[in-house]
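This report refers to the structure that appears directly beneath it.
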Amino acid sequence: MAKSEWLEKIKRLLCSKQSGLVLDLSDANAVLARIVEILKENRGEINLPDIELEALARTFLPDILAFFSSPEGKAEYEAWQKEATLKTESDRKETA
């Protein structure tokens, strides 16, 4: 898979419904850790040792941070946050 394809996949997974976590995009270390998790979860597609996955994640980090700093990225992240909040509230009502 080309770097651009991985970037798109990582951006999608960072804001996916399955992610289920609130990611502080101003915390580069937290974003880097999540990118590493995504790469490890998709290890079937890439067969690299952890240290190389971490190095690969570091190459993606500047592009990911730039995307989420852009108007398009901010809008996508805000939409994901809103959807995640609504889902959490809905889940709470169902369990109450």
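FYI, it's all coordinate maths here, none of it is from the lab. Because the structure is predicted, anything quoted here is derived from the model rather than measured. As a convention, Cβ positions derive from the backbone with ideal geometry for all residues, glycine included, and neighbour counts pool all protein chains shown.
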Tilt, helix 3-14 to longest principal axis of the chain (alpha-carbon atoms), in degrees rounded to tens, equals 30 degrees
Cα-based reach from K3 at 17 Å (exclusive), listing lysines while leaving out same-chain residues under 8 positions away: K11, K40
Net +/- balance of residues flanking S4 in space, Cβ distance below 14 Å, scoring K and R +1, D and E -1: +1
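Scan the chain and hand back the longest stretch that contains none of the trypsin sites (Lys or Arg not before Pro) lying in DSSP loops with at most 13 other Cβ atoms within 10 Å.
On the way: sites that count: K17, R43.
With a cap of 13 other Cβ atoms within 10 Å, the longest stretch comes to 44-96.
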Which distance in nm do the two modelled labels at E8 and A55 give, with both placed 7 Å along the Cα-to-Cβ direction? 2.7 nm
Surrounding charge for A33, neighbours by C-beta under 14 angstrom, Lys/Arg +1, Asp/Glu -1, total -3
Grab the Cα-Cα distance for D91 and R43, subtract it from 0.36 nm times how many residues apart they are, and report the gain in nm with one decimal. 14.2 nm
Out of all Cα-Cα pairs in the chain, roughly what percent, to the nearest whole number, are more than 23 Å apart? 28 percent
Please give the FRET efficiency for K82 paired with D24, using the beta carbon to beta carbon distance and R0 = 22 Å, rounded to the nearest 0.05. 0.85
